[in-house]
Every structure is written in C-alpha cells, then in structure tokens.
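Below is one structure, written out as structure tokens; the observations come after it.
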Amino acid sequence: MSENDKPRAEWPLWEVFVRARAGLDHKHCGSLHAPDAKMAIQLAREVYTRRQEGCSIWVVPSAQITASDPGDKDMLFDPMEDKVYRHPTFYELPEAVNHM
Amino acid sequence: MYTQAMDLAPKDERKAVRTAGEAELERRFEARIDEGDYVEAKDWMPEHYRRTLVRQISQHAHSEVVGMLPEGNWVTRAPTLKRKCILLAKIQDEGGHGLYLYAAAETLGVSRDGLIDALHAGKAKYSSIFNYPTLNWADIGVIGWLVDGAAIMNQIPLTRCSYAPYARAMIRICREESFHQRQGFDALNVMMREGTEAQRAMVQDAVNRWWWPCLMMFGPPDKDSTHSEQSMRWGIKRIGNDELRQKFVDATAQQARVLGVTLPDPLLKWNEERGHHDFGPIDWAEFWRVVGGNGPCNRERLDARVKAWEDGAWVREAALAHARKQALKGAAA
C-alpha cells in the first residue's frame, strides 16, 4: 500500500511563508492543515492575510522541511563567536577614511 | 478571546519520578527560563511543562472556536449592513485565532484531531464565558467591549510566554483583538448616544448580565488557583489572576462612565488609598457550576460544535480523496 492509499483522516500540515511587501523576503508566519497545495494557498490567504499582511504566499509540506537539531546548536553556531574579524567594526581606520 | 482558568487541571499530573539525568536537564531548563530565554518546539522540556502547555493552548484554541457561536447567533440579525460586515470579520478572526493556537499546540507533538476529540468528548474545557446566551443585539457590543476587553488584559502577558510558538501566536492575536474591543464599544456608544430609551435599556441589561461572568474570566483568586505557582515559575503565566482582574475593573469603570452605563456592583468604588477600585465579592459557586457543565448554554454549545464537525466530515474526506487522486494522476503522467 503506497502512502497515498493509507487511510488518513487528518489533512497534512503545511508551513506558510508570506511576503509582506514587494522587495521583502518571504517570512515564515505559521502553519495550517490542507489537503493539497492549492487549498493550502487558499487557506493561507484566509488565515494569515486578512488585513493585507502579504502580497505573495509560499506553502511547503511541513514533512519536507529539514531542520538543524537544537542539540547541535553549540557545535554549529558557537565557532562563529570568536570570529570578530568578520565584522566591519573590527577594523579601526584613520578618522579621515573611517566612513569606508 | 480567551479561556479563563486555563490552569485548572487534575492535580495528579506532577509525577516526580525522574532520573538524575532528567533532573540535570530540568535544572538547566529552569536556568534558561530564569534568564528570560524562550523555549522552541524541538528543545528539551520537562514533561509537565509540555503537558501544561498542551492543555492551556488547546483550551485556548477551543475557546476561540466555541466563541464564534454566541456571536454567530446575531449575524443574520445585525441591525445594519455595516454591523453585519464587522461582525462577520470579527467571527472570522476568532476562527483564525483558533487555528493559530491549534498550530502552536501541535508543535508540542499532539494531533489537531486528537485535541478536537477531547473537546467533543467533554474532556477539554473552553472558556465558560461562552456558556452564557446572547439575548439581544447589545450583547454583541458587550462581548466586544467587556469579554474581549478582559481577554486582551489576559492575553497581553501571554505574548511573553516562555514557549515561543505560543508567544508568537499571541502577538498576532493581540494585534487583531484590539479591533474587537473597539468595535464593541462603538456599537454600544451608538446605541447610547443615538438610540431610543428602549435601546439604552438593552445596553444596560446586557452589561448587567455580562459583568460578573467577565470578572470570572480571570480565574479563581490566586490563593485558590491550583497551577498558578508552577506556571509562573516556568514563565507560562506572567501576571496573577487577581492583579489582572483589578486592572480590568479599573479600566472598565472609567469606560462605563464615558458610555453612560452602570456596572452592577453597589460596592464598586474608587479607593484613594489603594489607588484602585474596590469591588464586591464574586459568586465563585456560579463559576464552578458553569465550569462543571451546568451553565445556561453548555450543552447547546458542545452540540453545535459536534454537529459542525460531523456535518463537515464528508467535505474533509472528499478534499483528501481528490488530492490523492490528483497526486496519483500526476505520478502516472
């Protein structure tokens, strides 16, 4: 029996991303249940943009998202802590050119 | 809207059987809470914290959805097209709020259908305020002004809840809730300023009936509230029931004067020394009666929810069957 034939009462979960205005990124704003992508877009419009919060919507099946493990947080992100030279403020330049 | 007394739950939940490893994890968890850190869905959390949140968030979600019923009662009878549009928009918001909250609860590893089953089986509570009837048009205004006003008071601290998915849902909800309260006051204000004597009497009658149940929305006094202490400890709850109730009374007393209605409490009086209004004793026996299922509309509300769910079953199934068929077609092509 394939995944599609299995009895499944609950509609699958989708993650919703909304672009607030032209020129901005799509931003994650929540999730919802929908039977398919088309309905997910329709429902996202009703649930997340009732007050013109967006001009574009992405929906992604939640099961398709791979996330980093919170347990790996230190391993993944701590190494950047001591790399201050990656920031422009690390460099003290002569006053005359400091706006560079 | 909001569920009062969300921390009402069986007392047997705190089972203290923990391994040394779990105790250490819990110690680190509490240290994070103390630092004001937020907890995300996949982070380690004590089982009791998780269960408290599932209960609170799901009951909050149920309240939003059940809260659509007393207002739905007036959609076809709203006095003007403008009021009908406003009411429909507000009811749609309540449905949306329920959905944000169900989604937040699901991040804790429970299924939405499971939560809804618990509501329909009478195992999960929703806010008792919705077990009161909406008898006249002024009730709709009063729900906005007082019920949503009390809800906002309760909900603003939840935007800082330690569980981040809940806090994020609450930020969105609070932003939308302000319109609910203002449209309610506006509807009543029009009746008081431009209405007939009979219409003004309707407003006063609605205020009389909703005032005390609204004060009960903040839950029992802190000294009798079973889970308050633990919820405060974990940053699920930020401000106590009594303090929020007092804040609501102080704000509302002034608004009532502007509106020109009397709040039905002969003991309500400004206390210069305390810098707050004093108010009369709340009938907690009534509160527990309604929480226990014996309010004026408990059975009607639950029956309406179950009927809507059952009547909609074929739609949910058909949409899913259609989606599967399309997916198979796509795979074959």
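The values are calculated or read from the model by the stated rules, or taken from the named source; none is laboratory data. The structure presented is a predicted model; accordingly, all values stated were derived computationally and were not measured. We place every Cβ from the backbone using ideal geometry, glycine too, and count neighbours over all the protein chains shown. The accessibility values were calculated without ligands, DNA or RNA, using every heavy atom of the protein model including side chains. Shrake-Rupley method; radii C 1.70, N 1.55, O 1.52, S 1.80 Å.
Overview of values
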{"read-out": "Residue within region B:267-275 that is without any contact (Cβ under 8 Å) to a residue 12 or more places away in the chain, within 30 Å of A:Trp11 (Cα to Cα) and open to solvent by 40 Å² or more (accessible area, probe 1.4 Å) present", "value": "no"}
{"read-out": "A:Ser62 vs. criteria surrounded by 14 or more Cβ atoms within 10 Å (Cβ to Cβ) and within 17 Å of the chain's Cα centre (by Cα)", "value": "yes"}
{"read-out": "Positions within region B:99-115 being of a type outside the set (Phe, Trp, Tyr) and within 10 Å of chain A (Cβ to nearest Cβ), in sequence order", "value": "B:Leu99, B:Ala103, B:Ala104, B:Glu106, B:Thr107, B:Ser111, B:Arg112, B:Asp113, B:Gly114"}
{"read-out": "Selected residue [among the β-branched types (Val, Ile, Thr), at pLDDT 95 or above and surrounded by 24 or more Cβ atoms within 10 Å (Cβ to Cβ)] from B:Val65, B:Val142, B:Val75, B:Val54", "value": "B:Val142"}
{"read-out": "Flag if B:Arg257 is part of a helix (DSSP H, G or I), closer than 30 Å to B:Gly195 by Cα and either within 14 Å of chain A (Cβ to nearest Cβ) or not polar (S, T, N, Q) (or both)", "value": "yes"}
{"read-out": "Given (1) open to solvent by less than 20 Å² (accessible area, probe 1.4 Å); (2) within 26 Å of A:Thr49 (Cβ to Cβ); (3) not basic (Lys, Arg), number of the condition B:Ile171 does not satisfy", "value": "(1)"}
{"read-out": "Residue list for region B:280-318, restricted to those being surrounded by 15 or more Cβ atoms within 10 Å (Cβ to Cβ), within 14 Å of another protein chain (Cβ to nearest Cβ) and among the hydrophobic types (A, V, I, L, M, F, W, C)", "value": "B:Trp309"}
{"read-out": "Enumeration of residues in region A:30-72 that are β-branched (Val, Ile, Thr) and closer than 17 Å to B:Arg112 by Cα", "value": "A:Val47"}
{"read-out": "Residue list for region B:227-254, restricted to those being buried (at least 17 other Cβ atoms within 10 Å of the Cβ), closer than 23 Å to B:Ala201 by Cα and polar (S, T, N, Q)", "value": "B:Thr252"}
{"read-out": "Qualifying helices (runs of 4 or more DSSP H) (wholly inside region B:140-246; at least 1 residues being under 15 Å from the mean Cα position of the chain (by Cα))", "value": "B:148-155, B:164-194, B:197-216"}
{"read-out": "Unmet criterion (only one of (1) hydrophobic (A, V, I, L, M, F, W, C); (2) surrounded by 24 or more Cβ atoms within 10 Å (Cβ to Cβ); (3) under 28 Å from B:Glu286 (Cβ atoms)) for B:Leu135", "value": "(2)"}
{"read-out": "Those residues of region A:54-70 which are touching a residue at least 24 places away in the same chain (Cβ under 8 Å) and within 11 Å of another protein chain (Cβ to nearest Cβ), in sequence order", "value": "A:Ser62"}
{"read-out": "Search result, residues across region A:28-53 that are open to solvent by 70 Å² or more (accessible area, probe 1.4 Å) and closer than 18 Å to B:Glu176 by Cβ", "value": "A:Arg45, A:Arg51, A:Gln52"}
{"read-out": "Unique match (being more than 14 Å from chain B (Cβ to nearest Cβ) and either among the polar types (S, T, N, Q) or touching an Asp or Glu at 6+ places or on another chain (Cβ under 9 Å) (or both)) among A:Arg51, A:Arg19", "value": "A:Arg19"}
{"read-out": "From the options B:Arg305, B:Arg299, residue that is within 16 Å of B:Leu119 (Cβ to Cβ), under 25 Å from the mean Cα position of the chain (by Cα) and free of Cβ contacts under 8 Å to residues at least 24 places away in the same chain", "value": "B:Arg299"}
{"read-out": "Subset tally (residues that are in contact with a helix residue (DSSP H, G or I) (Cβ under 9 Å, 6 or more places away or on another chain) and either within 13 Å of chain B (Cβ to nearest Cβ) or open to solvent by 90 Å² or more (accessible area, probe 1.4 Å) (or both)) for region A:71-100", "value": "5"}
